[in-house]
Amino acid sequence: TERERKPDASTRQLAAVCEAFFGHLERHSGPDGCFMASAALALGTRTGPVRDLITALQAQFGELIRGFAVAAVARNELPPGEDPGRLAFELNGIMLATDTNFVQHEDPAVIDLGRQMVRQRLGVGEP
């Protein structure tokens, strides 16, 4: 029999990582949004140690999210067929889209939309 799904520690950790990013945008965002996201795009086609460092840091962040997703699947907090890599990609995409739209529109409602999308995707309520 299939166990009942329920949000718990791992899905809440996923939501907390995303919330930390959204909070960072609200508190520390410069005119270009998240520095690391902007730098990753700006340096993505170049070579050198700065690009390598930013690429490594972005990969670590992606692996952090993926690790929480793996734990959530193992703890039956997400559907058994959930692909942790895909979920991490989706959540990262929501955060980056939020960053881009926040910079373009200077509208805090964009951050609220990103939060809602993450909570809906993970099946968790308000923090």
Given Ala74, Ala37, Ala69, which one is within 16 Å of the chain's Cα centre (by Cα), closer than 18 Å to Gly123 by Cβ and of a type in the set (Gly, Ala, Ser)?
Ala69
Here's a check for you: in the range 77-93, which residue that is more than 17 Å from the chain's Cα centre (by Cα) and at pLDDT 90 or above is least open to solvent (accessible area, probe 1.4 Å)?
Glu77
The range 94-108, residues that are at positive phi and surrounded by 21 or more Cβ atoms within 10 Å (Cβ to Cβ)
none
Out of everything in the range 38-71 that is more than 20 Å from Phe21 (Cα to Cα) and among the small types (Gly, Ala, Ser), what residue ends up being modelled with the lowest pLDDT?
Gly44
When the range 52-69 is examined, which residues are found to be open to solvent by less than 60 Å² (accessible area, probe 1.4 Å) and of a type in the set (Val, Ile, Thr)?
Ile54, Ile65
Leading residue by the ranking (modelled with the lowest pLDDT) among those in the range 99-126 that are over 13 Å from the mean Cα position of the chain (by Cα) and closer than 22 Å to Ala9 by Cα:
Glu126
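The values are calculated or read from the model by the stated rules, or taken from the named source; none is laboratory data. In this text the structure is predicted, and so the values were computed from the model without any measurement. Glycine gets a Cβ as well: all are built from the backbone with ideal geometry, and neighbour counts include every protein chain shown. Side chains included, ligands, DNA and RNA excluded: accessible areas come from the protein's heavy atoms. Shrake-Rupley method; radii C 1.70, N 1.55, O 1.52, S 1.80 Å.
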